[in-house]
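Enquirer: Next up is a structure, given as structure tokens.
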Amino acid sequence: MFRLDGKVAVVTGGSRGIGRACCEALAAQGATVVVNYVKGEQAARECADAITQKGGHAEIVAFDVADTSATETALEGVIKKHGKLDILVANAGIAIDGLLLRLKDEDMDKLWATNVRGAVQCARIASKPMMRAKTGRIVFMSSVVGEMGNAGQTAYAATKAAVIGAAKSIAREYASRNITVNVIAPGFIDTDMTHAMNDAQKEAVLKAVPLGRTGAARDIATACVYLASDEAAYVTGQVLRVNGGMYV
């Protein structure tokens, strides 16, 4: 089950954390994975090397999803090289936290450009070969705060909520072409982003998680593999919450 042999997948922000876990999980199921990165070339190569050392297929490609032109050029290059694109995991994202009264316009613009416009732009380009093939999988990465909100994360939460709305709309547009579009909403996951929190902050968050622990990147990757697989062919326009019960 959940085999992806012969599939080509692009994972944006795939060099570390949740993105890397998704790359490795997709490759383990047989997909050829294109690992996207912006600046961390070494991390991206390490991810690709880890995949190939296990017998998988991976390559790296640099582009910033916030740069519309660069994104289009890079993704069209991938599509031309492989002749198709079966799976897009729009994982790239940034977080800029701060109370509303301290929110800067430039911070909001940066968040929107990467988390929303970048993700939608990737989906727009990836959908072209998928429409021709009359099949495809698009997975957006949102966040638990996109549904429940969180003090000090107004701008970030707004972008993650926007991703959900966009995905639901795209799902309706492409359903007739057998292209499924879904969202994963991670909760408190052990990544570089959560490592930046102090112990008091982590303890406060864990009190809100019924399972009483942080999640692992592989928990998100497992959900990603499912949504990318043929077994999820009748699942579209949905938000899969992987959050330990933090929001239900």
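The values are calculated or read from the model by the stated rules, or taken from the named source; none is laboratory data. For clarity, every value in this text was computed on a predicted model and none was experimentally measured. A quick note on method: Cβ atoms are made from the backbone with ideal geometry, for glycine too, and the neighbour counts reach across all protein chains shown. Calculation scope for accessible area: heavy atoms of the full protein, side chains included, ligands and nucleic acids excluded. Shrake-Rupley method; radii C 1.70, N 1.55, O 1.52, S 1.80 Å.
Enquirer: Quick one: count up the residues across the range 5-33 that are within 14 Å of GLY55 (Cα to Cα), of a type in the set (Val, Ile, Thr) and open to solvent by less than 10 Å² (accessible area, probe 1.4 Å).
Expert: 1
Enquirer: Taking LEU85, is it touching a residue at least 40 places away in the same chain (Cβ under 8 Å) and open to solvent by 30 Å² or more (accessible area, probe 1.4 Å)?
Expert: Working: touching a residue at least 40 places away in the same chain (Cβ under 8 Å): yes; open to solvent by 30 Å² or more (accessible area, probe 1.4 Å): no.
The answer is no for LEU85.
Enquirer: Could you tell me whether any residue of the range 34-41 is surrounded by fewer than 24 Cβ atoms within 10 Å (Cβ to Cβ), of a type in the set (D, E, K, R) and assigned to a helix (DSSP H, G or I)?
Expert: So far as the range 34-41 goes, yes, one or more of its residues are surrounded by fewer than 24 Cβ atoms within 10 Å (Cβ to Cβ), of a type in the set (D, E, K, R) and assigned to a helix (DSSP H, G or I).
Enquirer: Considering only the range 221-248, state which residues are under 14 Å from GLY187 (Cα atoms), in a loop (DSSP other than H, G, I, E, B) and touching a residue at least 12 places away in the same chain (Cβ under 8 Å).
Expert: ASN243, GLY244, GLY245, MET246, TYR247
Enquirer: Of the conditions (1) over 27 Å from THR32 (Cα atoms); (2) buried (at least 16 other Cβ atoms within 10 Å of the Cβ); (3) out of contact with any strand residue (DSSP E or B) (no Cβ under 9 Å at 6 or more places or on another chain), ALA221 satisfies every one except a single condition; which number is it?
Expert: (1)
Enquirer: When only residues in the range 171-216 that are in a helix (DSSP H, G or I) and polar (S, T, N, Q) count, which is modelled with the lowest pLDDT? I'd like the intermediate steps shown before the answer.
Expert: Kept after step one, since they are in a helix (DSSP H, G or I), are these residues of the range 171-216: 171-177, 192-195, 199-206.
When the remaining residues are screened for being polar (S, T, N, Q), the result is 176, 194, 201.
Numbers: SER176: 98, THR194: 76, GLN201: 81.
This residue is THR194.
Enquirer: If you go through the range 89-102 one residue at a time, how many are part of a strand (DSSP E or B) and over 20 Å from the mean Cα position of the chain (by Cα)?
Expert: Within the range 89-102, the first condition is being part of a strand (DSSP E or B), and the residues that meet it are 89-90, 98.
Now restrict to residues that are over 20 Å from the mean Cα position of the chain (by Cα): 98.
Qualifying residue count, the range 89-102: 1.
Enquirer: Let me ask something additional. Does ASN198 fit the bill of being open to solvent by 20 Å² or more (accessible area, probe 1.4 Å), over 17 Å from the mean Cα position of the chain (by Cα) and closer than 21 Å to LEU227 by Cβ? Spell out how you get there, then give the answer.
Expert: Values: open to solvent by 20 Å² or more (accessible area, probe 1.4 Å): yes; over 17 Å from the mean Cα position of the chain (by Cα): yes; closer than 21 Å to LEU227 by Cβ: no.
Taking the combined requirement at face value, the residue does not satisfy it.
Enquirer: Find the residue count for the range 116-145, including only residues that are farther than 17 Å from GLY13 by Cα and in a strand (DSSP E or B).
Expert: Pass one, the range 116-145, residues farther than 17 Å from GLY13 by Cα: 124, 127-137, 144-145.
Checking which are in a strand (DSSP E or B) leaves us with 136-137.
Total meeting the criteria: 2.
Enquirer: Can you confirm whether the range 103-115 contains a residue that is of a type in the set (Asp, Glu), touching a residue at least 40 places away in the same chain (Cβ under 8 Å) and either in contact with a Ser or Thr (Cβ under 9 Å, 6 or more places away or on another chain) or in a loop (DSSP other than H, G, I, E, B) (or both)?
Expert: Let us first name the residues in the range 103-115 that are of a type in the set (Asp, Glu), namely 105-107, 109.
Restricting the remaining residues to those that are touching a residue at least 40 places away in the same chain (Cβ under 8 Å) gives 107.
Add one more test, that the residue is either in contact with a Ser or Thr (Cβ under 9 Å, 6 or more places away or on another chain) or in a loop (DSSP other than H, G, I, E, B) (or both), and what stays is none.
No: the range 103-115 contains no residue that is of a type in the set (Asp, Glu), touching a residue at least 40 places away in the same chain (Cβ under 8 Å) and either in contact with a Ser or Thr (Cβ under 9 Å, 6 or more places away or on another chain) or in a loop (DSSP other than H, G, I, E, B) (or both).
Enquirer: Report the residue count in the range 112-138 for those that are among the hydroxyl-bearing types (Ser, Thr, Tyr) and open to solvent by less than 10 Å² (accessible area, probe 1.4 Å). So that I can check it myself, show each step before the final result.
Expert: Let us first name the residues in the range 112-138 that are among the hydroxyl-bearing types (Ser, Thr, Tyr), namely 114, 127, 135.
Checking the rest, the ones that are also open to solvent by less than 10 Å² (accessible area, probe 1.4 Å) come to 127.
Residues meeting the conditions: 1.
Enquirer: Can you tell me how many residues in the range 47-72 are open to solvent by 20 Å² or more (accessible area, probe 1.4 Å) and more than 19 Å from the chain's Cα centre (by Cα)?
Expert: Result for the range 47-72: 8.
Enquirer: So, in the range 42-88, of the ones that are acidic (Asp, Glu) and not in a helix (DSSP H, G or I), which residue ends up farthest from SER127 (Cα to Cα)? I'd like the intermediate steps shown before the answer.
Expert: Of all residues in the range 42-88, those acidic (Asp, Glu) come to 46, 49, 59, 64, 67, 72, 76, 86.
Imposing the further condition that a residue be not in a helix (DSSP H, G or I) reduces the set to 59, 64, 67, 86.
On the way: GLU59: 21, ASP64: 19, ASP67: 18, ASP86: 9 Å.
Applying the filter and picking the extreme gives GLU59.
Enquirer: Still on this model: Report whether or not GLN238 is touching an Asp or Glu at 6+ places or on another chain (Cβ under 6 Å) and either surrounded by 15 or more Cβ atoms within 10 Å (Cβ to Cβ) or over 30 Å from GLU106 (Cα atoms) (or both). Walk me through it before giving the result.
Expert: Values: touching an Asp or Glu at 6+ places or on another chain (Cβ under 6 Å): no; either surrounded by 15 or more Cβ atoms within 10 Å (Cβ to Cβ) or over 30 Å from GLU106 (Cα atoms) (or both): yes.
So GLN238 fails the test.
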